[in-house]
Amino acid sequence: MTLILPGIHSLDQHITTLLSNPESYRPRRCPCGHAKLWCHGCYTRQSDRKDLGEPCLNPVPIPRFYCPECGCTCSVLPECIPPRSWYLWEVRQVILLLLLVGNSIGRTHASNCSRACRKTIERWWRRFRDCFPTFSSHLLPHFPCLGRHAGFTDFWRSLLGLRPLSQAMCLLHQEKVTVP
Ligand SMILES: [Zn+2]
């Protein structure tokens, strides 16, 4: 099972917080209700794909916890890392914004420096469009002011003007919605 710690917006912040305040990652409760989870090491993700000449942060440690009551383990991702993707939410936010203002897939691919391939960008875009009815119905209660932006493009442009994509995806994940 994967939980997400809100408010961690970058890999730098994640690594600093893990070192300075590792307790902030410990879930208050297991889904079974038990309150005292044990630290259970880390696994690593290769989430740093910027390749901009800065020191690479890979491998990125992701803390795990164990519940002595039900025997389940869980990992706790920082908000900036998607549960099922190599690319950070910030990478996908840039791509989504480029597409939302009307760029074609080809132009978006040519102008982004994420190295995400054209097929990947196409897949993300399709998923966002397909999932819009589900995503918007779960996000609207959190952002009632978006109610007047009923369409896909206006809704996402307005939301991303208010909050980062990672925060929207974190809210969806907390409501058990599968995020792309
Ligand atoms: Zn448990």
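The values are calculated or read from the model by the stated rules, or taken from the named source; none is laboratory data. Here the structure is a predicted model, which is why all the values come from computation and not from measurement. FYI the Cβ positions are ideal-geometry reconstructions off the backbone, even for glycines, and counts take in every protein chain you see. Note: accessible area is taken over every heavy atom of the protein model, side chains too, but ligands, DNA and RNA are not part of it. Shrake-Rupley method; radii C 1.70, N 1.55, O 1.52, S 1.80 Å.
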>> Can you report the principal axis dimensions of segment 85-131 using only the alpha carbons, biggest first, rounded to whole angstrom?
In response: 25, 24, 18
> Share of the chain's accessible area from carbon and sulfur, percent, 1.4 Å?
Replying inline: 54
> How large is Rg/Rh for segment 50-148, to two decimals, with Cα atoms and a Kirkwood Rh?
Replying inline: 1.06
>> Taking the solvent-accessible surface of protein heavy atoms with a 1.4 Å probe, what is the per residue accessible area of segment 1-77 in Å²?
In response: 59
>> Give me P(r) over the chain, computed from all C-alpha to C-alpha distances, binned every 10 Å, as integer percentages.
In response: 9, 33, 34, 20, 4, 0
> By its C-alpha gyration tensor, with a ≥ b ≥ c as the square roots of the eigenvalues, how is segment 129-174 shaped: rounded for a/c under 1.5, else prolate for a/b larger than b/c, else oblate?
Replying inline: rounded
> With the calculation restricted to Cα positions, what are the radius of gyration and Dmax of segment 14-102 in angstrom?
Replying inline: 16.0, 52
>> At a threshold of 8 angstrom on Cα-Cα distance, excluding pairs fewer than six apart, so keeping six or more, what relative contact order does segment 1-142 reach in percent?
In response: 22
> In what sequence, highest mean first, do 98-104, 170-176 appear when ranked by Cβ atoms within 10 angstrom?
Replying inline: 170-176, 98-104
>> Using a Gaussian network model on the chain with a 10 Å cutoff between Cα atoms, which of Ala35, Ala116, Ala168 fluctuates the most?
In response: Ala35
